Amino acid sequence: MIDFRSDTLTQPTRAMRDAMANAAVGDEQKREDPTVNELERRGAEFLGQEEAVFLPTATMANQIALQILTTPGDALLVERHAHIMLSELGGPAAHSGLLTIGLEGTRGRFSPDQVVSEIRDRTSVHVAPTRIVAVENTHNSAGGRAWPLEEIDAIVATCREHDLAVHLDGARLVNAAVACGVDSARVGGAFDTVTLCFSKGLGCPLGALIAGSHELMHAARRGKHFFGGAMRQAGIVAAAGLYALEHNVDRLAEDHARARRLAEGWEERGVPVEPELVETNFVHVDVGALGLASADALARLAAKGIGLTATVRPGILRAVTHLDIGDDDVQRAIELVPQALGALARA
């Protein structure tokens, strides 16, 4: 199968596996694992923050960030289709006692005016005070769209002006930075906390970072134990993260180029896509415009050996390019997907 379901499907390369096998390790809980310590040091610099903490998953990283930046009963503002809202099992409420307010986004983004309009009266004893704003960049449900730097700066400035904490869910932050032509530190350094996932476009089997100030990361280390994320000889997997930072950052531009090539090739063959909306490694396919339900379209594609994924929008499928998708895979998919969806007859 040519598998475009997600960039989480990447397999560690032989070179990454060799780095993992040869990693120096120690007791990570005692901060004696030299490979974990080096990943945290380099990760903090990479994200533009003072300190970073290595964790098993980015969901855990997001939930720790929310917990250390708030108190129970506070309100969180986040785009209504963000990962924190849809795919973290009500974690803000369950773990941190937060009221989550979903903002209506445009391509996954919201405005400073929307933030200001949802700031609750902190002197009232009847309402949950607005304390934190979370941004997702790139935005998964919006099709891997990247926030323009000027919009990030404006949101952060508004949060500072109104004494709001601001968190960046940067699971695919590196994709956003590559798309914008800047270092990840330029994007991540503006926030109180930022998270990064290693198991997506960076090609690692697992792992994430949370980064912020020394004071906040002291609290995050306690949160790491509280959430069950403390490990022992974790250098074996941290070595994959170090390898990824050295070898798999710049190459994300190749994934973006292949996604654009997919979109343009499909559009030429009658598949309903909008190439101009492809900014990173996601392509959205409107099978509803072909009269197909998502489940039917997925079955047709699978029969041709192509894996795509449904999205939160009915009739919209997602193709994601990644480390294990090459040029030959893209060309084959350009040929097979229109056949599977019956798009050629409509072109």
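Odds and ends about this structure:
- Dmax and Rg, reported as Rg then Dmax, of segment 225-341 (C-alpha, Å): 17.5, 53
- Sites GLU267 and GLU104, calculated FRET efficiency, Cβ-Cβ separation with R0 30 Å, nearest 0.05: 0.60
- With the cut-off at under 18 Å, measuring from each backbone N in segment 52-77 to a point 7 Å along the Cα-to-Cβ line of SER124 picks out 73-77.
- Within-9-Å neighbourhood charge of LEU242 [Cβ basis; K, R +1; D, E -1]: -1
- Charging the Cβ of each Asp and Glu at -1 and of each Lys and Arg at +1, and nothing else, the dipole of segment 77-167 about its Cα centre rounds to 200 debye.
- Just so you know, the averaged projected area of the alpha carbon convex hull for the chain sits at 17.3 nm².
- Applying the Karplus relation 6.51 cos²θ - 1.76 cosθ + 1.60 with θ = phi - 60° to segment 36-41 yields 3J(HN,Hα) values of 4, 4, 5, 5, 5, 5 Hz, where x marks Gly and Pro.
- Rolling a 1.4 Å probe over the protein heavy atoms gives segment 239-279 an accessible area of 43 Å² per residue.
- Taking all protein chains together and a 1.4 Å probe, the residues ASP250, ASP74, ASP324 rank ASP250, ASP324, ASP74 from largest to smallest accessible area.
- Remark: the chain carries a charge dipole of roughly 800 debye about the Cα centre, counting +1 on each Lys and Arg Cβ and -1 on each Asp and Glu Cβ.
- Here's the picture: a label point sits 7 Å out from the Cα of ARG42 along the beta-carbon direction, and within segment 162-189 the residues with their amide nitrogen under 17 Å of it are 174, 184-185.
- For segment 117-250, the alpha carbon convex hull comes to 146 Å³ per residue, rounded to a whole number.
- For segment 90-111 versus segment 279-315, the inter-centroid distance based on Cα atoms is 27 Å.
- Think of the chain as having a plus end and a minus end, set by charges on the Cβ of Lys, Arg, Asp and Glu; of CYS159, ASN62, GLY170, ASN62 sits farthest toward the positive end of this dipole.
- A straight Cα-to-Cα reach below 24 Å connects LYS30 with the lysines LYS224, residues fewer than 8 places away in its own chain not being considered.
- Separation of alpha-carbon centers, segment 172-220 and segment 48-72, rounded to whole Å: 11
- Using just its DSSP H runs of length 4 or more, each adding -39500 (n - 2.57), the chain gives a mean residue ellipticity at 222 nm of -12500 deg cm²/dmol after division by all residues.
The values are calculated or read from the model by the stated rules, or taken from the named source; none is laboratory data. None of the values given here were measured: they were computed from a predicted structure. Please note: Cβ atoms are built from the backbone with ideal geometry, for glycine as well, and neighbour counts cover all protein chains shown. The protein model used for the area step is the full one, side chains on, heavy atoms only, and it has no ligands, DNA or RNA in it. Shrake-Rupley method; radii C 1.70, N 1.55, O 1.52, S 1.80 Å.
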